[in-house]
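Just below is one structure, and these are the notes that go with it.
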Amino acid sequence: VAAQRCFGADAQRVGAELVTPPRDARHRGLDRLERPRLGDGRVGGDGHRDPGVEELAERVEPLPRCADRLFDARCVIQVGIADGYVRDITDEQIGRLRELARHLQGIVNEELPDLARFLEVSHRYHTEFVGLSGCDQLVDAYTRLGISGLWRNAIADLDWWNRFDIAFHQDLTVALADRAPDQVKRHIYRHNEHVKAMVRRIVDDNGGQI
């Protein structure tokens with residue numbers, strides 16, 4: 001359900017990619033290594049024309065769509081955590097998440113909030129949340145999305161603390177402490193739509209770039 005809500009027609013493909021077995025993942029990596037290097041559009045001796053930079057650029061998805069896919073992938077992972085593990089969350093786990101949420105609020109309340117510190121603590125919060133599953137592979141799948149890197153590029157020069165969904169971590173922690181999966185999912189879906197809209201606005205304001 002979460003995958004359908006976030007990805008629509010692409011849900012089955014994205015779900016398969018998130019749970020790719022290690023052997024298949026290695027094969028995909030080797031396939032990338034064996035592909036021809038980026039060319040300049042010239043025809044080689046075997047008659048094959050390497051694509052030029054302009055041609056490749058036309059094939060790349062628009063930046064907001066790429067960002068949407070990253071956030072939607074995280075959303076699918078986190079909604080799955082909410083469905084499967086929130087009712088069994090321990091007081092110790094709640095305590096760690098609550099402390100991280102307080103730390104994030106403290107950073108935002110500073111006169112000039114430090115984005116690097118905020119992203120580092122936010123990443124720890126999301127990692128702790130996904131870690132409720134006890135599944136290292138799922139935590140690795142979340143980490144490999146690289147969402148902190150996207151934010152570093154997108155909002156480093158902006159008054160991000162006035163644009164970001166600052167209340168999300170606090171609200172999510174309260175819902176987790178209540179062991180309320182439906183409430184947790186509502187916060188996850190709301191945050192997902194907020195960050196996607198935020199990136200689209202930033203890209204539009206910067207002429208299609210971040």
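Looking only at the stretch 175-210, which residues are more than 16 Å from the chain's Cα centre (by Cα), of a type in the set (A, V, I, L, M, F, W, C) and either under 29 Å from ILE94 (Cα atoms) or surrounded by fewer than 13 Cβ atoms within 10 Å (Cβ to Cβ) (or both)? Those that are more than 16 Å from the chain's Cα centre (by Cα), of a type in the set (A, V, I, L, M, F, W, C) and either under 29 Å from ILE94 (Cα atoms) or surrounded by fewer than 13 Cβ atoms within 10 Å (Cβ to Cβ) (or both): ALA175, LEU176, ALA177, ALA180, VAL184. Note on the stretch 126-144: among residues that are within 16 Å of HIS169 (Cα to Cα) and over 13 Å from the mean Cα position of the chain (by Cα), the one that is surrounded by the fewest Cβ atoms within 10 Å (Cβ to Cβ) is GLU128. Checking every residue in the stretch 86-106 against the condition of being open to solvent by less than 20 Å² (accessible area, probe 1.4 Å), closer than 15 Å to LEU172 by Cβ, assigned to a helix (DSSP H, G or I) and polar (S, T, N, Q) gives zero matches.
In the set (1) under 18 Å from ALA101 (Cα atoms); (2) surrounded by 19 or more Cβ atoms within 10 Å (Cβ to Cβ), the condition left unmet by ILE155 is number (1).
When you scan the stretch 75-85, do you find a residue that is closer than 20 Å to ASP165 by Cβ and of a type in the set (S, T, N, Q), even just one? Yes; the residues of the stretch 75-85 include at least one that is closer than 20 Å to ASP165 by Cβ and of a type in the set (S, T, N, Q). Return the pairs, sorted by first residue and then second, in which the second residue is charged (D, E, K, R) and in a helix (DSSP H, G or I), the first residue lies in the stretch 135-149 and is free of Cβ contacts under 8 Å to residues at least 40 places away in the same chain and over 16 Å from GLY84 (Cα atoms), the beta carbons are less than 8 Å apart, and the residues are 6+ apart or on different chains. Correct list of pairs: SER148/GLU120. Scanning the stretch 116-125 for residues that are farther than 17 Å from LEU70 by Cα and open to solvent by less than 20 Å² (accessible area, probe 1.4 Å) yields PHE118, VAL121, TYR125. Tell me, yes or no, whether the stretch 77-85 has at least one residue that is touching a Pro at 6+ places or on another chain (Cβ under 8 Å), assigned to a helix (DSSP H, G or I), surrounded by fewer than 21 Cβ atoms within 10 Å (Cβ to Cβ) and touching a residue at least 40 places away in the same chain (Cβ under 8 Å). Yes, the stretch 77-85 contains at least one residue that is touching a Pro at 6+ places or on another chain (Cβ under 8 Å), assigned to a helix (DSSP H, G or I), surrounded by fewer than 21 Cβ atoms within 10 Å (Cβ to Cβ) and touching a residue at least 40 places away in the same chain (Cβ under 8 Å). Applying the criterion of being at pLDDT 90 or above and in contact with a Leu (Cβ under 7 Å, 6 or more places away or on another chain) to the residues of the stretch 156-187, the residue that is nearest to GLU111 (Cα to Cα) is TRP160. Contact map, the stretch 103-130: first residue over 22 Å from ILE81 (Cα atoms), second residue of a type in the set (Ser, Thr, Tyr), Cβ cut-off under 7 Å, separation 6 or more or different chains; the map is empty. Taking the numbered list (1) of a type in the set (Asp, Glu); (2) open to solvent by 30 Å² or more (accessible area, probe 1.4 Å); (3) within 16 Å of the chain's Cα centre (by Cα); (4) over 16 Å from VAL76 (Cβ atoms) in turn, ASP165 passes all entries but (2).
The values are calculated or read from the model by the stated rules, or taken from the named source; none is laboratory data. For clarity, every value in this text was computed on a predicted model and none was experimentally measured. Neighbour counts run over all protein chains shown; Cβ positions are idealised from the backbone, glycine included. Surface accessibility is based on the protein's heavy atoms, side chains included, excluding ligands, DNA and RNA. Shrake-Rupley method; radii C 1.70, N 1.55, O 1.52, S 1.80 Å.
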